[in-house]
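What follows is a set of notes on a single structure, which appears directly below.
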Number of protein chains: 4
Amino acid sequence: MISTPYPWPWHGSLDPRRLAILAVTCPSPPGGPSAAAAGEVAGQVAGAVRKAGGLVVRVRVRPPLRPSAGLAAAAPFGDPPAVEDGGDAADLEARAAGWDGFHGCPLDELLRAAGRDLLLLSGCCLELGVHSTMRSANDRGYECLLLSDACAVADASLGRAALSMIEMSGGIFGAVGSSTALLRELS
Amino acid sequence: MISTPYPWPWHGSLDPRRLAILAVTCPSPPGGPSAAAAGEVAGQVAGAVRKAGGLVVRVRVRPPLRPSAGLAAAAPFGDPPAVEDGGDAADLEARAAGWDGFHGCPLDELLRAAGRDLLLLSGCCLELGVHSTMRSANDRGYECLLLSDACAVADASLGRAALSMIEMSGGIFGAVGSSTALLRELS
Amino acid sequence: MISTPYPWPWHGSLDPRRLAILAVTCPSPPGGPSAAAAGEVAGQVAGAVRKAGGLVVRVRVRPPLRPSAGLAAAAPFGDPPAVEDGGDAADLEARAAGWDGFHGCPLDELLRAAGRDLLLLSGCCLELGVHSTMRSANDRGYECLLLSDACAVADASLGRAALSMIEMSGGIFGAVGSSTALLRELS
Amino acid sequence: MISTPYPWPWHGSLDPRRLAILAVTCPSPPGGPSAAAAGEVAGQVAGAVRKAGGLVVRVRVRPPLRPSAGLAAAAPFGDPPAVEDGGDAADLEARAAGWDGFHGCPLDELLRAAGRDLLLLSGCCLELGVHSTMRSANDRGYECLLLSDACAVADASLGRAALSMIEMSGGIFGAVGSSTALLRELS
């Protein structure tokens, strides 16, 4: 599909059976109309990915546990992860122990067992948790595409810089594309 | 304290503020009077560890996700991890994505944030999940003691062999001790 | 192929392009005629695996770094890992930071990039480093076969117990087979 | 010490025995006078850190292994990691299997065994490998300070954005400071 700095995926074939979309969420999501718009786009893409045979994974990121914080800080781990079943909800959910969605949770195991190595990145915040998760996914051998209009930013100019970082050196962390281009490809 | 093949912990000081007990549980725990006795001992030790200032961590192990099993096999991850608050329950809980209690979950992060590097191993099954968890803990730099009378075995002779493996080469995976000796040390 | 407690691999197809043999080595390998015989068998199998299109990976395991040992204990990491090129040598080498050959090294990354998810286990010591590596591989989703006659034991009765542990519950950590049966399958 | 957005380290005490500086290097370091100046500053800081009792760790990052690249891409792992011994060289070296200096190598194990939980970040490139390594360190519970004048950038405006990302939300990935301020603190 059309994406920068190279047509995604790298090897040219977008097989939906190898596809998953990570819907990243953070504890204090940004508000405002642009964040709401990104959330709406992310939901549409998730629906299209599922319909095409792809997997939808909710990835909850959070501040890391800090030694000084002690046990109380572990409390968020008490929230139930869930395998949701319907509507626009995620197929699977992973709760990370840091800003990187792969850290301290079974996200890598879930994707591997499901045979998914093509990852779409959406959610919030683009330059924080989404970026950490994409950097980690790329290091783990996943082929990644960040959907720029399906991500909410904490700061608009930092969000633009985060996209540029991905595109450096021929796509050092993967590629950047639009939901419109992806939806065209999946339909 | 008195343990084999060396007095535990290695450096000689059993500081309860650095202590945690891992109560390992598996999906199909063994039954029978000896397993019940081990469970009762494990509960007593957990209470004494908590009273002395140690941390009690429930560690749920399980079969790994297999590619052929697909999404359905991920369902157990939907069970809620919990920070329990009272009675004989655990202070924290970690749900692993395999037989090693550190795999695909935040157990390492929880112990690190809580400043616990002295680990007691209890639960079931000694030669399966408990052994995998102890081997992994030792590789990660934790100083480990397996409480032989607080562990249930799947097979009695394999359980004895598992204890001998720990004791090889001067304590290759840590040390083995009895709950009686530990309780004396903590009181 | 013929193996216990189930015909390996689980899904029935032994595709050499998905196959790798891990040749585990430890700092103080056991001596004597039975260890020498196991080493010879392991070398023959590695040659046959390579000829059939499989990958040969040398995996060096070692005692974990301990806090009290400080920097000096890190010295073994100074030994050069190597991509060897010929004869009976390994195709790739990974140096672990513990008894589990996957711990603190790129073994998982190497196998994933090479597309190998069917693993043969050989080397030493069966009940120590080989067992830790097989338990970890199984948790990571690899389908594993331990070649009992290609592994050296530290203690004969513990080696037998280690084989029985693998075979529990229908093959809790994979399967156990002989080099003869494997060589027949590959030829 | 004076740093933004909070005085580093978080808990107020800069104990050199808990301190390590990560000197990150990448396969294609940027050239030019500003990169050279950053390298010179990084070397001075490393010397001062060592003199004060801190640890100097060379961290080599690289592009991740990709499935399509196959075995040939693994060749860089053949380069020898080294425990260097003198002059301005590093005390320890870790070779990562990706842009995150903790990925697929024993960096976490080395730091833990050496009792170092206060990390200084230097090297190249600030917005690429250094940022991935700092994000990962922060998730793992390390308290991090990026030395802005000891890091070379691939792109000046992206480098500035990378610093701003660290400073968001009260220091989401740690703090940012100058070598001058650190040297004053260590002397």
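Residues in the stretch D:135-163 that are farther than 17 Å from residue D:124 by Cα and not acidic (Asp, Glu): D:138, D:140, D:141, D:142. Among residues that are at positive phi and either modelled with pLDDT of 95 or more or away from chain D (no Cβ under 11 Å) (or both), residue A:43 is not included.
Note on the stretch C:107-119: residues that are facing chain D (nearest Cβ under 8 Å) and charged (D, E, K, R) total 3.
Exactly one residue out of D:122, D:178, D:132, D:148 is crowded, with 24+ Cβ neighbours inside 10 Å, away from chain A (no Cβ under 14 Å) and farther than 21 Å from residue B:113 by Cβ: that is D:122. For the stretch B:91-106, the set of residues classified as buried (at least 23 other Cβ atoms within 10 Å of the Cβ), away from chain C (no Cβ under 13 Å) and more than 12 Å from residue B:25 (Cα to Cα) consists of B:92, B:106, listed by residue number.
Restricting attention to the stretch C:107-119, the residues that are in contact with a Phe, Trp or Tyr (Cβ under 6 Å, 6 or more places away or on another chain) and either surrounded by fewer than 24 Cβ atoms within 10 Å (Cβ to Cβ) or assigned to a helix (DSSP H, G or I) (or both) total 2. With the condition kept exactly as written, say whether any residue in the stretch D:96-105 is among the aliphatic types (A, V, I, L, M) and in a loop (DSSP other than H, G, I, E, B). Within the stretch D:96-105, one or more residues are among the aliphatic types (A, V, I, L, M) and in a loop (DSSP other than H, G, I, E, B).
Tallying residues that are facing another protein chain (nearest Cβ under 10 Å) and over 17 Å from residue A:129 (Cα atoms) within the stretch D:151-169 yields 6.
For the stretch B:151-170, the set of residues classified as in contact with a Pro (Cβ under 9 Å, 6 or more places away or on another chain) and surrounded by 20 or more Cβ atoms within 10 Å (Cβ to Cβ) consists of B:152, B:153, B:154, B:166, listed by residue number.
The set of residues in the stretch C:72-95 being touching a helix residue (DSSP H, G or I) at 6+ places or on another chain (Cβ under 8 Å) and either in a loop (DSSP other than H, G, I, E, B) or modelled with pLDDT under 50 (or both) consists of C:73, C:74, C:77, C:80, C:81, C:82, C:83, C:88, C:90, C:91.
So is residue D:123 in a loop (DSSP other than H, G, I, E, B) and closer than 30 Å to residue C:97 by Cβ or not? It is false that residue D:123 is in a loop (DSSP other than H, G, I, E, B) and closer than 30 Å to residue C:97 by Cβ. All of (1) of a type in the set (Asp, Glu); (2) part of a helix (DSSP H, G or I); (3) at pLDDT below 95 hold for residue A:167 with one exception: (3). Restrict the check to the stretch A:10-17 and report whether at least one residue is modelled with pLDDT under 95 and under 22 Å from residue D:139 (Cβ atoms). No, there is no match, as no residue in the stretch A:10-17 is modelled with pLDDT under 95 and under 22 Å from residue D:139 (Cβ atoms). Listed conditions (1) within 20 Å of residue D:61 (Cβ to Cβ); (2) touching a residue at least 24 places away in the same chain (Cβ under 8 Å); (3) of a type in the set (S, T, N, Q) are all met by residue A:164, apart from (2). For the stretch A:100-150, residues that are over 11 Å from the mean Cα position of the chain (by Cα) and touching a residue at least 40 places away in the same chain (Cβ under 8 Å) total 11. Scanning the stretch A:18-33 for residues that are at pLDDT 95 or above and among the polar types (S, T, N, Q) yields one hit, A:25.
The values are calculated or read from the model by the stated rules, or taken from the named source; none is laboratory data. None of the values given here were measured: they were computed from a predicted structure. No Cβ is skipped: glycine too gets one built from the backbone with ideal geometry, and neighbour counts run over all protein chains shown.
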